[in-house]
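Below is one structure; the comments refer to it alone.
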Amino acid sequence: MTLQRRKPNGWWTGYDHLQFIANVQNLRTADMKAAAERIGTISCLDKKVGNYSLGMKQQLLLTMAILNKPI
């Protein structure tokens, strides 16, 4: 699956998406914030994903992908 084919829910914020993945995988909020800081999505997590540019969506998906094992 490519990053362009996967579409995040436009009504959720970036934080909502990361929180969902963190809850499913029993991860700590600190892990979520560390992954977002590493990729550079921490500043846009409070915005609805429907308002993200394609690049921002790809960064969010990358953040979601490394959430359980930050690099």
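The values are calculated or read from the model by the stated rules, or taken from the named source; none is laboratory data. Because the structure is predicted, anything quoted here is derived from the model rather than measured. Ideal geometry is used to build each Cβ from the backbone, glycine not excepted, and the neighbour counts take in all protein chains shown. The accessibility values were calculated without ligands, DNA or RNA, using every heavy atom of the protein model including side chains. Shrake-Rupley method; radii C 1.70, N 1.55, O 1.52, S 1.80 Å.
Descriptive notes on the structure:
- The conditions of being modelled with pLDDT under 90 and in a loop (DSSP other than H, G, I, E, B) are met by Asn9.
- Exactly one residue out of Leu61, Leu27 is part of a loop (DSSP other than H, G, I, E, B) and touching a Leu at 6+ places or on another chain (Cβ under 7 Å): that is Leu27.
- Residues located in region 12-34, provided they are open to solvent by less than 80 Å² (accessible area, probe 1.4 Å), at pLDDT 90 or above and farther than 15 Å from Ile66 by Cβ: Thr13, Asp16, Gln19
- Test: residue in region 35-47 that is of a type in the set (Lys, Arg), out of contact with any helix residue (DSSP H, G or I) (no Cβ under 6 Å at 6 or more places or on another chain) and either open to solvent by less than 70 Å² (accessible area, probe 1.4 Å) or at pLDDT 90 or above (or both): yes
- Candidate set from region 11-48 (those that are among the hydroxyl-bearing types (Ser, Thr, Tyr) and free of Cβ contacts under 8 Å to residues at least 12 places away in the same chain); member that is nearest to Leu60 (Cα to Cα): Ser43
- Number of residues in region 30-58 that are charged (D, E, K, R) and in a helix (DSSP H, G or I) equals 5.
- Index of the failed condition, Ala34 passing every other in (1) farther than 17 Å from Trp12 by Cα; (2) within 10 Å of the chain's Cα centre (by Cα): (2)
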